[in-house]
Amino acid sequence: MTPVEVEIRSLLKDDRETRLFGRHLGTLVRSGDWVALTGDLGAGKTTLAQGILEGIHPGMKGRSPTYVLVEVYGEAPRVVHADLYRLASPAEVDGLALDDLALGDAVVMVEWADRAGDRLPLDRLDLELRYVEGNGRELRIRPRGARWNEAAREGLLDRDRWSHALYPGN
């Protein structure tokens with residue numbers, strides 16, 4: 001039996017909503033998780049990754065690893081944040097040693113994950129950001145593997161699980 005592909009879509013009006021979804025996701029990720037981020041240049045991948053980092057380690061600020069390629073933050077769990085934008089081919093992913101950095105208690109976030117070819121684990125959460133007409137961006141969430149499909153079935157990735165943070169006091 002072929003598994004059903006699930007896709008959850010949500011409109012994110014601005015950077016604040018993008019960061020808030022990231023913070024929510026940061027409360028869900030655990031050691032061993034991989035999050036693959038894709039989308040056009042400037043679509044909000046780094047903002048989303050920064051939100052995830054803040055959700056894992058409140059108060060910790062991340063930066064784009066575009067030029068250094070990989071940043072590592074915190075402990076328990078350690079957060080590995082990679083940016084593949086500057087890579088010329090999927091073969092260059094091997095040189096980043098992401099699999100080695102992922103060992104132990106790490107959560108791995110990969111921006112420009114579509115440049116990795118088949119070098120990322122199959123069990124991961126795929127997040128795609130697309131510009132929409134007017135303001136904002138569309139977030140497309142695609143769970144891959146049992147862990148993230150279960151989270152989707154439980155509604156943990158649905159907007160109503162995190163949108164309350166947009167309107168404090170309601």
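Every number here is computed from the coordinates shown, using simple stated rules; none is lab data. What you see is a predicted model; the values in this text were computed from it and never measured. Every residue, glycine among them, receives a Cβ derived from its backbone with ideal geometry; neighbour counts consider all protein chains shown.
Restricting attention to the range 84-114, the residues that are charged (D, E, K, R) and either closer than 18 Å to S31 by Cα or under 15 Å from the mean Cα position of the chain (by Cα) (or both) total 5.
Scanning the range 70-91 for residues that are in a loop (DSSP other than H, G, I, E, B), in contact with a Phe, Trp or Tyr (Cβ under 9 Å, 6 or more places away or on another chain) and crowded, with 17+ Cβ neighbours inside 10 Å yields L84, L87.
One residue stands out among those in the range 143-159 that are acidic (D, E) and farther than 23 Å from L120 by Cα: the one that is surrounded by the most Cβ atoms within 10 Å (Cβ to Cβ), which is D158. For the range 92-130, the candidate set comprises residues that are more than 25 Å from A146 (Cβ to Cβ) and free of Cβ contacts under 8 Å to residues at least 24 places away in the same chain; within that set, the residue that is surrounded by the fewest Cβ atoms within 10 Å (Cβ to Cβ) is G95.
State whether the residues of the range 53-65 include one that is of a type outside the set (A, V, I, L, M) and over 25 Å from W162 (Cα atoms). Taking every residue of the range 53-65 in turn, at least one turns out to be of a type outside the set (A, V, I, L, M) and over 25 Å from W162 (Cα atoms). The residue list R19, R63 contains one member that is charged (D, E, K, R) and either crowded, with 20+ Cβ neighbours inside 10 Å or under 21 Å from E138 (Cα atoms) (or both), which is R19.
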